[in-house]
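Note sheet for the following structure.
The values are calculated or read from the model by the stated rules, or taken from the named source; none is laboratory data. As the structure is a computational prediction, the values presented were derived from the model and not from experiment. Every residue, glycine among them, receives a Cβ derived from its backbone with ideal geometry; neighbour counts consider all protein chains shown.
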Amino acid sequence: MLMKALRVGLGELILLGDAVSRPRPQRRSAQGQAAVVKEAAALSLYQFRACPFCVKTRRALHRLNVPMTLHDAKNDPVARDRLLAEGGKVKVPCLHIQEGGQSRWLYESNAIIAYLEDRFAGIV
């Protein structure tokens, strides 16, 4: 019981820290942002709300100004089951990438952020 209270409290502190120190979103031309929105439609992030690695990944999404569908794999049993069935494990953050009729699941916050930066940082 004490451990759960500590985890919840720390999670709320992490979320508060994120809220007060969120980076500015990247500015793009209208055409550039439209391209980002179109490309991001094929992506979705499976995450837990207060997971520090998920917060780090969401901060990168915000900084890169990439709108994305978020799935709460902790509180949504459908999202959790899909992550397990198709991704192979319930581990977050996980980026689901759909390209050319293929589905790919990318784990690890650093790998996800590197993928997002490679794909979206250069669009102006």
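Figure legend. Inter-residue proximity from region 86-99: first residues among the basic types (Lys, Arg), second residues surrounded by 11 or more Cβ atoms within 10 Å (Cβ to Cβ) and modelled with pLDDT of 95 or more, beta-carbon distance below 6 Å, spacing 6+ or different chains. Indicated pairs: LYS91/TYR107. Checking each residue in region 100-123 for being charged (D, E, K, R), closer than 14 Å to ARG63 by Cα and free of Cβ contacts under 8 Å to residues at least 40 places away in the same chain picks out only ASP118. All conditions but one from (1) over 18 Å from the mean Cα position of the chain (by Cα); (2) in a loop (DSSP other than H, G, I, E, B); (3) surrounded by fewer than 15 Cβ atoms within 10 Å (Cβ to Cβ); (4) of a type in the set (D, E, K, R) apply to ARG22; the one that does not is (1).
Of the set (1) farther than 23 Å from GLN33 by Cα; (2) surrounded by 15 or more Cβ atoms within 10 Å (Cβ to Cβ), all apply to HIS62 but (1).
Whether any residue in region 74-95 is among the charged types (D, E, K, R), under 22 Å from ILE14 (Cα atoms) and surrounded by fewer than 15 Cβ atoms within 10 Å (Cβ to Cβ) is what I want to check. Among the residues of region 74-95, at least one is among the charged types (D, E, K, R), under 22 Å from ILE14 (Cα atoms) and surrounded by fewer than 15 Cβ atoms within 10 Å (Cβ to Cβ), which makes the answer yes.
For region 76-93, the count of residues that are within 28 Å of GLN31 (Cα to Cα) and at pLDDT 95 or above is zero.
For region 9-19, give me each residue that is under 20 Å from PRO67 (Cα atoms) and either of a type in the set (Gly, Ala, Ser) or assigned to a loop (DSSP other than H, G, I, E, B) (or both).
ALA19 - this is the single residue of region 9-19 that is under 20 Å from PRO67 (Cα atoms) and either of a type in the set (Gly, Ala, Ser) or assigned to a loop (DSSP other than H, G, I, E, B) (or both).
Residue-level check: of (1) buried (at least 19 other Cβ atoms within 10 Å of the Cβ); (2) part of a helix (DSSP H, G or I), VAL37 misses just (1). Of the set (1) under 16 Å from the mean Cα position of the chain (by Cα); (2) among the polar types (S, T, N, Q); (3) surrounded by fewer than 12 Cβ atoms within 10 Å (Cβ to Cβ), all apply to GLN47 but (3).
Suppose the filter is closer than 18 Å to ALA111 by Cα and among the acidic types (Asp, Glu); does GLU99 pass it? Answer is yes for this residue.
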